[in-house]
Amino acid sequence: MTPYEIMLSESQERMLLVAEKGREDEVFRVFSRWGLDAVTIGRVTNTGRLRVLEHGKVVADIPNAALTDDAPLYNRPMKRWEPPVSREKPESIDFGDVDDFTPDLKRLLGSPNICGKRWVWQQYDSMVLTNTVEGPGAGDAGVIRIKGSRRGLAMALDGNGRWCYLDPKLGAMHAVAEAARNVACVGATPAAGTNCLNFGNPEKPIHHVAAFAGD
């Protein structure tokens, strides 16, 4: 691989940790415990520049500002995402007087947003080094213990595709709130959230703000 390809993380090895100087061995021991490799590849300087060397030869020397504050910005045209269906119940729809809602209930229960997810999670190993306390399907969130302590870690994954499709911003808010509620339901305190940031093509205005949001 060329230095350029390595700098672009084309090898998919993108995990970089900035550790306090002199404590590198502590980091290496953690990686070794889990069978992972870790090496020192550089050091922090006060020059304000990013210098990359390959076998002692400088292959890049870039002002840090060019990669941060002075990086080019794209001003793409944007507009509110308008789904092809109404966000509200159309006036033409009448619920009417129905005595038997069984067929409608079955249709609802068959929806991916409501139906059981067992067929998905039962395909994967949910026992993490025998630390799983509450696995999939048992509660509102998964819980694993932290060995050597009286503490545990609860996690939840949520996201309503229909909400996000009709209103991406509101859908994202609902996803975060639902994940927090599910974590709280197992006795934990919601502390952090993450999003895989799958945004749409910025060159297509109608898709720019229609990014899926899930936590």
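The values are calculated or read from the model by the stated rules, or taken from the named source; none is laboratory data. No experiment lies behind these values; they were computed from the predicted model shown. Cβ atoms come from the backbone with ideal geometry, glycine included; neighbour counts cover every protein chain shown. Heads up: the accessible areas ignore ligands, DNA and RNA and are worked out on the full protein's heavy atoms, side chains in. Shrake-Rupley method; radii C 1.70, N 1.55, O 1.52, S 1.80 Å.
Among the listed values (i) 18.0; (ii) 19.1; (iii) 22.9, the one computed from these coordinates for Kirkwood radius over Cα pairs in Å is (iii). In a reduced charge model with +1 at each Lys and Arg Cβ and -1 at each Asp and Glu Cβ, the chain shows a dipole moment near 660 debye about its Cα centre. Of the accessible area of the chain, computed with a 1.4 Å probe over protein heavy atoms only, carbon and sulfur atoms account for 56 percent. In the full protein context, region 18-101 carries 96 Å² of accessible surface per residue, based on a 1.4 Å probe and ignoring ligands, DNA and RNA. Only Cα pairs under 8 Å and 6+ residues apart enter the sum, and on that basis the relative contact order of the chain stands at 14 percent. Note on VAL52: accessible area is roughly 40 Å² with a 1.4 Å probe, heavy atoms of protein only.
Past the 28 Å Cα-Cα mark, which pairs from LYS147/LYS169; LYS79/LYS117; LYS21/LYS57?
Values: LYS147/LYS169 38 Å; LYS79/LYS117 35 Å; LYS21/LYS57 24 Å.
Violating the 28 Å Cα-Cα cut-off are LYS147/LYS169; LYS79/LYS117.
For the pair ASN131 and ARG43, a Förster radius of 25 Å applied to the C-beta separation gives a FRET efficiency near 0.10, rounded to the nearest 0.05.
Couplings 3J(HN,Hα) of region 112-117, computed from phi: x, 6, 10, 4, x, 9 Hz, in residue order, whole Hz [Karplus 6.51 cos²θ - 1.76 cosθ + 1.60, θ = phi - 60°; x for Gly and Pro]. In order along region 177-192, the Karplus-derived 3J(HN,Hα) couplings, from 6.51 cos²θ - 1.76 cosθ + 1.60 at θ = phi - 60°, round to 5, 5, 4, 5, 4, 5, 5, 5, 5, 9, x, 9, 9, x, 10, 7 Hz, and Gly and Pro are given as x. Among SER32, VAL133, PHE95, flag the residue with its Cα farthest along the positive direction of the charge dipole of the chain, charges on Cβ as +1 for Lys/Arg and -1 for Asp/Glu. Result: SER32, furthest along the dipole toward the positive end. Couplings 3J(HN,Hα) of region 21-33, computed from phi: 4, x, 10, 4, 4, 5, 5, 4, 5, 5, 5, 4, 4 Hz, in residue order, whole Hz [Karplus 6.51 cos²θ - 1.76 cosθ + 1.60, θ = phi - 60°; x for Gly and Pro]. Computed per residue of the chain from DSSP H runs no shorter than four, each worth -39500 (n - 2.57), the mean residue ellipticity at 222 nm is -7000 deg cm²/dmol.
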